[in-house]
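The values are calculated or read from the model by the stated rules, or taken from the named source; none is laboratory data. Quick caveat, the model's predicted, so the values are computed rather than measured. We place every Cβ from the backbone using ideal geometry, glycine too, and count neighbours over all the protein chains shown.
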Amino acid sequence: MADTIARRKLLQAMLALPVAAITPPIVTAGEYSHYGFGLSWPQFVNQMEFLANERAADRVSEIQVAWRGLHWLQLLDVQDPLFEQAVRDATESGNAFWLWQRLIKDDILNGGILNIDSDKLVQLHDHPGATGLLRILEGKAEVWQYDIDQPATAEHEDGKVVLKRVAHRVLLPGDTAVLTPDEGNIHALRSVSKNCRMLDFFIPPYERKKRTWYEPVDAGWRHQESIICIPVSDRQFTAV
Ligand SMILES: [Fe+2]
């Protein structure tokens, strides 16, 4: 229980942090990009792969992954020509709601750029087992994050779940957000600008088929701290 409270406090602290408040802990001068302040794309990938490997070997905690991963994400120099080349070479997929440009995917790390058009909503869903790291590149995004309320009330034993909101923010370019397997993992995103682009990385990659989508019962859910939802499996959701 104490662990859970500590994780929640750290998550809340990270959510409230302005970009400049994250102190660079271990980057040396030689690790900065030749193209400007920050890490080049290869340097960033090396740091993220190292971190993902440390997590896979259980040498760092999920919270350490969130903390360090956000740090590397903020340091990535998106003006680096090698990053721009990686974006041009990205594998693209998507649907009517978003475009995913996959930059990297292996057994321990998945990352890319999520593009959402004006006023499109990425419905409530989770990334089971993953720590997710996000940095806005362009535009504004409204982000909601939830935990499943425990214990479920008897009133909702018909398969519905109660979600408790843990964060609700509008993110601007440079802003970051984080989710861990235990905190704020259920989330929805909406672009509140003409278009919105964000870096999105996951350690480890989540299994898409294990993802759950959540359909709120009440249309006014966006303004509520506690919402009732119908869980929908990824297979059922994507088949619609
Ligand atoms: Fe997501």
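For segment 88-115, which positions are away from the ligand (no atom under 11 Å from the Cβ) and closer than 20 Å to residue 194 by Cβ?
Passing the criteria: 92, 94, 95, 96, 97, 99, 101, 113, 115.
If you scan segment 54-101, which residues turn out to be among the hydrophobic types (A, V, I, L, M, F, W, C) and under 14 Å from residue 204 (Cα atoms)? Explain how you work it out, then say what you get.
Residues of segment 54-101 that are among the hydrophobic types (A, V, I, L, M, F, W, C), as a first pass: 56-57, 60, 63, 65-67, 70, 72-73, 75-76, 78, 82-83, 86-87, 90, 96-100.
Correct list: 56, 57, 60, 63, 65, 66.
Quick check on segment 148-165. Is at least one of its residues under 24 Å from residue 75 (Cα atoms) and crowded, with 22+ Cβ neighbours inside 10 Å?
To start, the set of residues in segment 148-165 that are under 24 Å from residue 75 (Cα atoms) comprises none.
No - not one qualifying residue is present in segment 148-165.
Filter segment 63-105 for residues that are in contact (Cβ under 8 Å) with a residue 12 or more places away in the chain and of a type in the set (Asp, Glu); which is farthest from residue 134 (Cα to Cα)?
Filtering segment 63-105 for residues that are in contact (Cβ under 8 Å) with a residue 12 or more places away in the chain and of a type in the set (Asp, Glu), the one farthest from residue 134 (Cα to Cα) comes out as 80.
State yes or no: is residue 235 assigned to a helix (DSSP H, G or I) and surrounded by fewer than 21 Cβ atoms within 10 Å (Cβ to Cβ)? Quick ask: steps written out before the conclusion?
Values: assigned to a helix (DSSP H, G or I): yes; surrounded by fewer than 21 Cβ atoms within 10 Å (Cβ to Cβ): yes.
When the stated conditions are applied, residue 235 passes them.
Can you say whether residue 210 is within 14 Å of the ligand (Cβ to nearest atom), in contact (Cβ under 8 Å) with a residue 60 or more places away in the chain and surrounded by fewer than 16 Cβ atoms within 10 Å (Cβ to Cβ), as far as the supplied structure shows? Before the answer, list the steps.
Values: within 14 Å of the ligand (Cβ to nearest atom): yes; in contact (Cβ under 8 Å) with a residue 60 or more places away in the chain: yes; surrounded by fewer than 16 Cβ atoms within 10 Å (Cβ to Cβ): yes.
In short, yes.
Taking the condition of being over 22 Å from residue 119 (Cβ atoms) and either more than 16 Å from the ligand (Cβ to nearest atom) or in a loop (DSSP other than H, G, I, E, B) (or both), how many residues in segment 175-199 meet it? Break it down into steps so the answer makes sense when it comes.
To start, the set of residues in segment 175-199 that are over 22 Å from residue 119 (Cβ atoms) comprises 176, 178-185.
This time we only want the ones that are either more than 16 Å from the ligand (Cβ to nearest atom) or in a loop (DSSP other than H, G, I, E, B) (or both), so: 180-185.
Residues flagged as over 22 Å from residue 119 (Cβ atoms) and either more than 16 Å from the ligand (Cβ to nearest atom) or in a loop (DSSP other than H, G, I, E, B) (or both) within segment 175-199 amount to 6.
When both residues are 6+ apart or on different chains and their Cβ atoms are under 6 Å apart, which pairs have a first residue that lies in segment 121-132 and is touching a residue at least 24 places away in the same chain (Cβ under 8 Å), and a second that is more than 10 Å from the ligand (Cβ to nearest atom) and not in a strand (DSSP E or B)?
Going by the 6 Å Cβ cut-off, the qualifying pairs are 122/97; 128/210; 129/181; 131/62; 131/65; 131/66; 131/180.
Can you name the residue in segment 81-100 that is part of a loop (DSSP other than H, G, I, E, B) and either aliphatic (A, V, I, L, M) or modelled with pLDDT of 95 or more (or both) and is also surrounded by the fewest Cβ atoms within 10 Å (Cβ to Cβ) among such residues?
Narrowing segment 81-100 to residues part of a loop (DSSP other than H, G, I, E, B): 89-90, 95-97.
Keeping just the survivors that are either aliphatic (A, V, I, L, M) or modelled with pLDDT of 95 or more (or both) gives 89-90, 96.
Numbers: 89: 9, 90: 16, 96: 6.
Only one residue fits best here, namely 96.
For residue 170, work out the one condition from (1) buried (at least 16 other Cβ atoms within 10 Å of the Cβ); (2) part of a strand (DSSP E or B); (3) under 15 Å from the mean Cα position of the chain (by Cα) it doesn't fulfil.
Looking at each condition in turn, residue 170 falls short on (1).
In segment 65-101, which residues are more than 19 Å from residue 48 (Cα to Cα) and among the β-branched types (Val, Ile, Thr)?
91
Conditions: (1) within 20 Å of residue 221 (Cβ to Cβ); (2) within 15 Å of the ligand (Cβ to nearest atom); (3) at pLDDT 95 or above. Residue 134 meets all but one. Number of the miss?
Result: residue 134 passes all but (1).
Report yes if some residue within segment 157-169 is touching a strand residue (DSSP E or B) at 6+ places or on another chain (Cβ under 7 Å), over 20 Å from residue 228 (Cα atoms) and more than 11 Å from the ligand (Cβ to nearest atom); otherwise report no.
Yes; the residues of segment 157-169 include at least one that is touching a strand residue (DSSP E or B) at 6+ places or on another chain (Cβ under 7 Å), over 20 Å from residue 228 (Cα atoms) and more than 11 Å from the ligand (Cβ to nearest atom).
Mind checking which residues of segment 211-226 are touching an Asp or Glu at 6+ places or on another chain (Cβ under 6 Å) and not in a loop (DSSP other than H, G, I, E, B)?
Step one: filter segment 211-226 for residues touching an Asp or Glu at 6+ places or on another chain (Cβ under 6 Å), giving 211-212.
If the condition is that a residue be touching an Asp or Glu at 6+ places or on another chain (Cβ under 6 Å) and not in a loop (DSSP other than H, G, I, E, B), then 212 is the only one that fits.
If you go through segment 200-210 one residue at a time, how many are in a loop (DSSP other than H, G, I, E, B) and either over 12 Å from the mean Cα position of the chain (by Cα) or modelled with pLDDT of 95 or more (or both)?
First pass over segment 200-210, keeping only residues in a loop (DSSP other than H, G, I, E, B): 204-207.
Filter once more, keeping what is either over 12 Å from the mean Cα position of the chain (by Cα) or modelled with pLDDT of 95 or more (or both): 204-205, 207.
Of the residues in that region, 3 qualify.
Would you be able to say whether some residue in segment 215-230 is within 15 Å of the ligand (Cβ to nearest atom) and under 20 Å from the mean Cα position of the chain (by Cα)? Outline the logic, then answer.
Step one: filter segment 215-230 for residues within 15 Å of the ligand (Cβ to nearest atom), giving none.
There is no residue in segment 215-230 that is within 15 Å of the ligand (Cβ to nearest atom) and under 20 Å from the mean Cα position of the chain (by Cα).
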